[in-house]
Every structure is written in structure tokens, then in C-alpha cells.
Amino acid sequence: MAESQNETTYWKSLNELAQNREYQKFVEREFPEDATEMTDQVSRRSFLRVMGASIALAGFASCRKPMQKVIPYTKQPEDLIIGVPNYYATSMPFQDTVTGLVVENNEGRPTKVEGNEAHPASGGRTSIYHQASVLEMYDPDRSRSPRLNGQKSDMAQFEAFAAEHFSDTGRSILVLSESNSSPTYRRLKDRFARRFRNSTWITYEAFGEYNVLEGSRIAFGSKLRPVMHFDKADRVVSFGDDFMNPAEHKNSVENAGKITARRKVRSTEDDMSRVYVIESNYSVTGGYADHRIRLKRSEIEAFMGAVAAALSGQLRGLSAYSGVQNAFTDHEWVQKITADLLENRSNSLLTAGRDLSPEAHATVAAMNAALGAIGTTVTYHRVPHLDDEAGSEGLKSATDAMRNGEYDTVVLVGGNPAFTAPSDLNFSEALRGAGTTIHLSNYVDETSRACSWHVNRAHYLESWGDGLSYTGIASVIQPQILPLFDGVSEIEFLHILTNGVKGNGHDLVKETWRSQVSAPFERSWEKVLHDGLSEGDGFPAANVRLTGNFQSSVSGFGQDKKLGMEIVIKADPKLFDGRFANIGWLMELPDPMTKITWDNVALMSPATARKLGIRDTRKFNSDAVPVVTITTETGSLDIPAWPEPGHADDSITLYTGYGRTQTGRVADGVGVNVYPLRTTEALDYQPGTVVNAGRTYDVACVQDHHSLEGRDMIRTATLDEYRKKPDFATYKSVHGYEVPGIKEAKAEGDDKGPISLFTETYGSDDQPQWGMAIDLNACFGCGVCTIACQAENNIPVIGKREVARRRIMHWIRTDRYYEGDEDNPTVYHQPVPCMHCELAPCEQVCPVAATVHSEDGMNQMTYNRCIGTRYCANNCPFKVRRFNFFNYAKEYLTTGDDPEIIQMAMNPDVTVRFRGVMEKCTYCVQRVNRAKSASRLATGSRKPVDGAVQTACQQACPANAISFGDLTDRQSKVAQDKMNERNYVMLEELNVRPRTSYLAKLTHPNG
Ligand code: SF4
């Protein structure tokens, strides 16, 4: 609890924990010596080269006098008012699921996506992939035309080729596609199969759901998808399931919304669920758990077997595990978890990571069934469109057949198997010898370069389509703009293959939906387009019971495995399997746990790093970190080593998606491609050796940037402690005494804070007064708020070298703190935007009054007045101000491709900034002012109703952690939050009176 918090309670890095001299020097030197200029031309050029669309945005943003042709409408569209955005519903596909979105359009340009509140997969919230998809669409490195044998072609030529080639319906064709739930896609796929009787169609995802579905087949006899209802669960046990991470779970946004809702505490009367996570590397879900048990990947299933064995003595249906005896049988946490589950039975929920074996998924299903949780906290559903999803063995068979010349044509619908397929398949080599090969893709990527035809794919924001959410809700995808590069969608591509012409995406989708909505069709169709989804309950829940041969199917499960040092390969939290590698916003977003940008590393525990002779602290006069050579049965690679507190010992975690060579200007040359270590037999983990390569590599990590130097930023208590002492987070509880000067102020009748020299606070007559509260009990550090803010406010990407110089431009950062020892610490996350202090120290030192207070209580920046002294940043105790060191416009506008396309991504409501000015969070003042105007028009009042203004970070947050609104409205959500006893502000003793406050973190430990 917070009572005796001191400087070393919470720490951000191993160096801070050690408090070594280099760390002290590093944090004291907030602005490094070379921070003011980028003088060497080589670094300047390489910086521009890697930026792609993201830097192009920055370029336009920093252009003082852009030359533009302005062509007025001769006939203005009826529904368009210049300066007032329109909003349209659509859905973003990701693997075989879709998430409902609402897209902001400014004069026909999509500029920002938000979640669709009516869509269950979103509930109005988003993930980093949704937020970044706008920049993906404006990426100038996307493919712009079809290619034939590497030479530029066009769509007409491809259509002519397809009409002739596919007129022979006797062809033997292999179709290898990404997973896709679109009803229209499935209709065209069936038509394709009927037309080409000699075709084989398989679906493959490098990180698919194959093991999950196989697990339920073992348990219940048919392939079923588990849907977790975290809002109904009092106890959650995750065996390696990082279900709040979009790279690890397709339903992460809904999962995060539900589990955080079940853990929101408004008063001492409220209860919260308890979460256990058993995992090897530190995940965002592990960081959110009350108990995290770190185990090697190879040990997780043995631990699960021990839990099943312990439950089998008390519950029916688990006799298959009664004989399991392993190293974890007497483990303290096996006993504690088992007892907790037995106490909560049907209110419990167990889940397993998608990379665990089918037998592990079957075991989790059996335990859920035995506890009575099925139908309460977890339901199982048939998902017919995944029936042909192939595991690595299925892909191997197809590749072998391809190599043996069994197909005269190979069609690849999306995906990039030449990059992502298990390395032992030599997929690109097999593809090169496979006759006619056709690849539909966003980029001319590794697979396209191995094919005879590449066909450029339209982005989902440019296409008509449809799809099903994780729970089966049918949704439409409607274009927000015509295809920028004349690409075709998947359904138009399939139409070309069967009809020789691309057809009309709208008509194809509409035709499918005729049978899906009620009559009269046109009215129902209009409603679907408006809402973005159809009415319906999704996939029906299946009635399940264990199969008769379940016991024999899982025999042998849960035995100990001894692998020595093991190498685990996972999808990158930001780039996933590599498909998002060319999006600068994602590349520069600090990893939620390591805070590394622009690279992948070999994660290992500090103890393992020491054992390997790798130093476990970073030298602060450089970003150089040691490189290790990792060798497995299939090969070896060199990669920087990164000791991660809380990582399992004798285990290395590697992330995919990096090491691209010919994809785009952001992705190419960044990080290491770890797919060569991934094989059919060892997709997930395998034994290996690790040795120090004897050299170093520069890594840009922001974990010690903007350090608040050990002050009491995070306040935490257990649920029981909170109930005993509800005001545990107040200054007095933390420090043992009142804020200096508060008593004297109260005696003078001022309860806002100690007496101040400045009188810039506002009284109750000044309305509205804006403020923000962030619930640390909900925040799990995903970083969506950072990307949403970047998209809304035209914030530039600055590149690795600049990040390393501590110039990252994000207006809201998420600080990650550890507590405890380095082997097994607890993690807390704290988003930090501008605090909008009422007595703002930045305002008091600006020599030209460029940063001032608005009458509604916001700390504002007048960019035109700023002369770049940076006194304000030096005087900001929260380190939230960002300085524009460079003007990229000249280079970009004279050397970039199609600048007018990139400029289309700009939010026209936000001021463009140029070199030499300070910028920072504005509380999305453009949204505030729009709501004030709308309110005045509608009611004559300047006070928008509560909820009418949402900041970008607030709106996007999947955990609903942020509230914002009028503090003078005592019923507003933010005012209620600020009245909560857990509410506190950072550095209260400075008497700067921040308008942004925090609700202290609670945990619910067992015992
Ligand atoms: S506040 Fe930011 S980091 Fe925290 S959960 Fe919300 S979006 Fe993610």
C-alpha cells in the first residue's frame, strides 16, 4: 500500500532500480547536448528516406506556405458543408473478423476512425490497428498497379489475361487465401469451386486459430470457437492467453472492454474480478493481472495439467487428468488457483493462448465444462468459414503438391506466405516453380515478387465488402473514398477470376445481403448502411459435452518437458505478422512493455542475460546494446538482446514482422526477420542456443525518457486495503502529512490548494471548465490513446535516430512502472498527457506569452507566437511538451511522391505546426470548440451536455479509462471521478493544480 512509498517503490528500468551513476546523469540531462541541431547530412537523408507516409504528414504539417490549387465546387454535394465533417459506418477486417467503425470524412477524405458504439466487437472503442489504418491507406508505398513478371502492367491487361486463362475450367488450381468471413467472399468462393472442379482452396494464417478449433474438436467433437464473457467472470485464469493484445486475440477490443468493466470500482461496496496469468514473456494482459506466474513456454501446459489434476479430485469430467504428476503438482499457485476456482465454480473462466497445443485447448474446455462455466462465462460457437483453415501441416501438403507440379495455377488471395510460412517449406522457391502464379496484395511484397502476376489490392477504406465479427455479427464494409491507386478488393478479384471482369463491389455485396435482411429490402439495406451492421445475435451457442473418447485423446497431456534454453516466436504487438510494418505510427509507437521503438529484440530475463554474460543494464551515453547469436535446428540469426524484468528464465522471446527488405520506406531495413527460425514442427517454441555475438547495436528505447525521477506518480492499493482506508491515495496518506501550505490556505477560505503568488484559477461563474480523469485501474498500457492522438492532431513520426535523441513527438505517452524485484515485478501503466495546470508553470516563464490559459481552463499554445526558447518545457514538471526540431516540408514537397495524396490524410481542424515551435496536448480543443458551437446552435448554451465532447484518446481507449468533461457540472462523469476518494494529482506539493488527475490503481490479490 501507498503509506510508505519512497523513491524506489516504482521503477521504469533496471538502471533506475540500480540507481547507477549513468542513469542519474541521463535523467538529469533532459535535453542532450546534440538536441538542438541535426547537422550531419547523412543522418538527415537516412531519416527522410525511412519516413514514408508518416513523415510526409509531418512534412505537410510543417509547411509554412503550401502551394495548392483551390477548385471550388460548381455543384456542391447536397450533404456536404465545407468545414463540417461527415461520418459513415464501415468495418475493418482483420484476419477473419471485422470490427465496426465510424469514419470521419472531411470533404470526401477519410481522416480518422472511431469505434462504432452499436457494434459489439467495438462498443465505440478501437485498437492500434484500427487507428493506424488511415495512415495505411495513404501510404505512398502501397502498390499502384498490377505487375506481370515484375514489370508494370494495368488492370485491363490483368482482366484480359484472367478472361483467357480461366476460360479453361479444367485447370488444376490451388487457391491459398487469408482467412475471411465475408458472406460475399464465401458466395464467390463457392461459385469458384463449382466452376473449377479441379481446384483446391486452403486458408492459412501465420498466427491463426487452428489449435483453438482443433482443441474444441478434441473436447466436443466439432470445431468450435470459445467466446469469453469476462464481464460475467469473478475469476479468470489465463494460460498464456494475452487476450487484451490485438496481435494475440482477434476480439481484443471487446475483451478489454469487458474485463476492465468488471474491475471498475466506484466505492468500497464494489467488487472486482481476480485475474491470474501464467506466461513466459511479460504481456499487457499479464501486466493487468492480479497474479502473474512466470513460466517457460514449455512449462505452461504442465502447469495446466497440474491444475486439471487438482480439480479432478473435486469435479466430474476431469478423470483423464487424475494421474497427472509433474513438477507443478505441489506448486503453491496450483493449489491456490484450484481452491479459488472451486470456490467460484461457474463464475470462473479459463482460457488458453492460441499457440498452445490442441490438447491444451481441449483441457481448458474440459475444465470450463467441469466448473459449470460453459453457458455462463464462456460459450462455444460454430464458425463455418474457418472449416478450411489449415495448420502448418496443411500448408506443407499444399506446398509439396505445388512443388510436385500438381497445379498449373496458384492463386494467393492476400497474405504473404513467402515471408511468413514456416522456413522448412521454402515457400517462395516452390512458388517460383509453380507455373502461373497470381498474388493479390497491398504491397509488392516478398510473395508478389515470387509470382508471375501481382494484383494491387484496394484498402478496406476504399472498398465494398462485408464480414462477421468474432461473435458472428454481420457487418458491411463501405468505401470512404475511391481507390487511390485503382486497386481491387478481394471480392472484385474473385469476380475477375470467374468472370474476367472485376464487377461492381457494391452490387456484389448488395446481392449477398438480399437474402440476409428482412423485406422490404431497400429500406433494410439503407438501415444496414447507416448502422454498419445487421440486427442479429451472431453465431448461436452450441450445446456441448465431452466426447466419449476424450480421455484417450488427451492421454499424456501435462507431462514435464525439458528443453533447456528455449526460443519462443510470437506475433509483434504492433506489426503483427508483418502486415502493418510500413505504418510509421505503429513502428514508432513504443512497445507497451519494453518501450522500444523501431526494432525487435531478443527478450530474456535479467538472470538469463547475466548467465549468458550479457550485461543487464544499458549504457546511457549510447543506445548500444549487446547482440546475441541465436541458433536452432534450422538456422541462426543475430539480434539485439534485451533483459526484460519478469521474463521467464532460460527462455528467449522473438517478435515477427521485422527485417523487411522490399516492402516500403518505413519497413525496409528495420529489425531482424525471425521467421527463418519458425518451422512446421516448431511454429511456437523450440530449443536453441544463445551466445554473445561480441558486438553492439543501437536501440531506441524511450523507457527512461521524460523520467519523473522516482517521484510518487503511481498510487496503488489492494481492494482490501482500499476498503479499510478509502483515502489511501491522498497526499497525506502517501506522505504522512498535508500538502505544505494547505492549512493556511484553508484558513483563508481557499480549499483548492496552498496560497499561491498567482491567481489564475477560475471561479464557478466561468463555465464550462474542462478537466480529465484517468482510471489507472482500467488502463492496461495498450497505447491506443497515443495513436488516436497522433491521428487526430497531425503529429509527425520522427524516425529512430530522433527518438533516440529524446525528441519523440507523442502528446500522450504511457509510462510503464515496475514494482518489486527484477525477477518477478508487478507492472503499472500511467498515460501522461498535458496536465493543463490551473497555475501552469509553463505559462509563467514564456517570454512571449505563447502559452496561455483559456477562459475554460485549458493551457493553450499559440504557435504563431512561439519563438522556440523551450523555457516552458524546462519548467514543466510533467515533461509533456514536445519541440518541433525540424521543418521537413522542403525536402518532402520537392522529392516525395504524390504529396497531394499524403496531404489528404490531414485533419483540417488542427493547426499545422512548423519548425521551432513547442506543441503538446490541447485536450482536443478543436473537438471542444465544435461541441460548443453545436450546443450554442441547438440550445443557446455554451455548455455542451456531458459526453458531447470526447477527446481522441478518451474515445479510442478500449478500457474506457479516460473521462473528460465540464468540472462545473457536478453530474458529469469526470466531476464524479474527481470526487472519488481514489482521485489524486501528480506532484500536488508543487501547487500547479493539474486539471488532469488519476484514479489510483487497485489490485485484488488472492490472500
Ligand atoms: S488509457 Fe491509453 S494506454 Fe491506457 S488502456 Fe486506454 S488507450 Fe490504452
Q.
Quick check: residue separation of Thr436 and Ile82 times 0.36 nm, minus the Cα distance between them. What number comes out in nm?
A. 122.5 nm
Q.
I need two numbers for the chain: Rg to one decimal and Dmax as a whole number, Cα atoms only, in Å.
A. 28.1, 93
Q. Any idea what Rg and Dmax come out to for the stretch 128-254 if you just take the C-alpha atoms, in Å?
A. 20.4, 61
Q: At a 1.4 Å probe radius, which order do Trp525, Trp464 fall into by accessible area, largest first?
A: Trp464, Trp525
Q) Using just the C-alpha positions of the stretch 342-429 as equal point scatterers, what log10 of I(q)/I(0) does the Debye formula give at each q in 0.16, 0.18, 0.20, 0.23 1/Å? A) -0.78, -0.88, -0.98, -1.16
Q. Under the Kirkwood approximation for Rh and a Cα-based Rg, what ratio Rg/Rh is obtained for the stretch 809-848?
A. 1.23
(Q) Going by amide H atoms built from the backbone, whose H comes under 5 Å of the H on Thr814, apart from near neighbours? (A) Val832
Q) Taking only the alpha-carbon positions of the stretch 82-179 and ignoring solvent, what does the Debye formula give for the base-10 log of I(q)/I(0) at q = 0.10 Å⁻¹? A) -0.48
Q.
If packing is taken as the average count of other Cβ atoms within 10 Å, what order do 792-805, 821-834 fall into, highest mean first?
A. 792-805, 821-834
Q | 222 nm mean residue ellipticity, helices alone, for the chain (DSSP H n ≥ 4; -39,500 (n - 2.57); rounded to 500) | A | -7500 deg cm²/dmol
Q: Give the distance, in whole Å, between the Cα centre of the stretch 171-226 and the Cα centre of the stretch 356-407.
A: 11
(Q) Keeping all protein chains in the complex and leaving out DNA, RNA and ligands, what accessible area do you get for Lys510 with a 1.4 Å probe, in Å² to the nearest 10? (A) 40
Q.
Give me the 1.4 Å probe accessible area per residue for the stretch 936-1007, excluding ligands and nucleic acids, in Å².
A. 38
Q: Averaging over all projection directions, find the projected area of the Cα convex hull of the stretch 391-459 and quote it in nm² with one decimal place.
A: 4.2
Q | Carbon and sulfur %, accessible surface of the chain computed with the full protein complex present, 1.4 Å | A | 48
Q) Under a 1.4 angstrom probe, counting protein chains only, how are Lys527, Lys595 ranked by accessible area, largest first? A) Lys527, Lys595
Q | Shape category assigned to the stretch 597-681 from the gyration tensor of Cα positions, a/c cut at 1.5 | A | oblate
Q. Hey, with R₀ at 25 Å, roughly what FRET efficiency would Gln971 and Arg936 work out to, going by the Cβ-Cβ distance, to 0.05?
A. 0.75
Q) For the stretch 394-488, what is the charge dipole size about the Cα centre, in debye to the nearest 20, if Lys and Arg each add +1 at the Cβ and Asp and Glu each add -1 at the Cβ? A) 40
Q. Using θ = phi - 60° and the Karplus form 6.51 cos²θ - 1.76 cosθ + 1.60, what ³J(HN,Hα) does each residue of the stretch 861-877 get, whole Hz, x for Gly and Pro?
A. 10, 9, 4, 5, 8, 4, 10, x, 6, 6, 4, 4, 5, 5, 9, 8, x
Q | Centre separation in Å (Cα based) which lies between the stretch 243-319 and the stretch 120-140 | A | 27
**Q.** Value of relative contact order over the stretch 627-728, rounded to a whole percent, pairs C-alpha under 8 Å and six or more apart
**A.** 30
Q. Counting alpha carbon pairs within less than 8 Å and at least 6 residues apart, what relative contact order, in whole percent, applies to the chain?
A. 18
Q) When only alpha-carbon atoms count, how far does the stretch 302-360 stretch along each of its three principal axes, as whole angstroms with the largest first? A) 29, 24, 23
Q) Accessible area per residue of the stretch 286-359 at 1.4 Å probe, in Å²? A) 34
Q: For Arg660, enumerate residues with amide H under 5 Å from its amide H, sequence gap 5+ or separate chain, H modeled in the peptide plane.
A: Gly669, Val670
Q | Packing-based order for 223-229, 79-85, using average beta carbon neighbours within 10 Å, highest first | A | 223-229, 79-85
Q: With all protein chains present, calculate the accessible area of Asp234 using a 1.4 Å probe and round the result to the nearest 10 Å².
A: 40
(Q) Take the residue pairs Lys574/Lys752; Lys250/Lys296; Lys258/Lys570; Lys724/Lys973; Lys725/Lys943; Lys724/Lys752 and return only those whose Cα atoms are more than 31 Å apart. (A) Lys574/Lys752; Lys725/Lys943
Q: Please compute the Cα-Cα pair-distance distribution of the stretch 883-1007 with 5 Å bins starting at 0, giving whole percents from short to long.
A: 2, 8, 12, 15, 15, 13, 12, 9, 7, 4, 2, 0, 0
**Q.** Residue (of Gly532, Leu612, Leu575) at the positive-pole extreme of the stretch 485-628, dipole from beta-carbon charges
**A.** Leu612
(Q) Could you report the stretch 490-621's accessible area per residue, 1.4 Å probe, as an integer in Å²? (A) 41
Q: For the stretch 777-881, state the semi-axes of the equivalent ellipsoid (square roots of 5 times the eigenvalues of the alpha-carbon gyration tensor), sorted largest first and rounded to whole angstrom.
A: 28, 17, 15
Q. Taking the Cα centre of each part, how many Å lie between the stretch 913-979 and the stretch 718-747?
A. 29
Q: Compute the Cα gyration tensor for the stretch 635-677, then decide on rounded, prolate or oblate, letting a ≥ b ≥ c be the square roots of its eigenvalues: rounded whenever a/c is under 1.5, prolate when a/b is larger than b/c in the other cases, and oblate in all that remain.
A: prolate
Q) Based on the alpha-carbon gyration tensor of the stretch 562-704 and its eigenvalue square roots a ≥ b ≥ c, which shape applies: rounded if a/c is under 1.5, prolate if not and a/b is larger than b/c, or oblate? A) oblate
Q | Share antiparallel - DSSP beta bridges, the chain, percent rounded to 5 | A | 60
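The values are calculated or read from the model by the stated rules, or taken from the named source; none is laboratory data. Here the structure is a predicted model, which is why all the values come from computation and not from measurement. Every residue, glycine among them, receives a Cβ derived from its backbone with ideal geometry; neighbour counts consider all protein chains shown. Ligands, DNA and RNA are stripped out before the accessible areas are found, and what is left, the full protein with its side chains, is counted by its heavy atoms. Shrake-Rupley method; radii C 1.70, N 1.55, O 1.52, S 1.80 Å.
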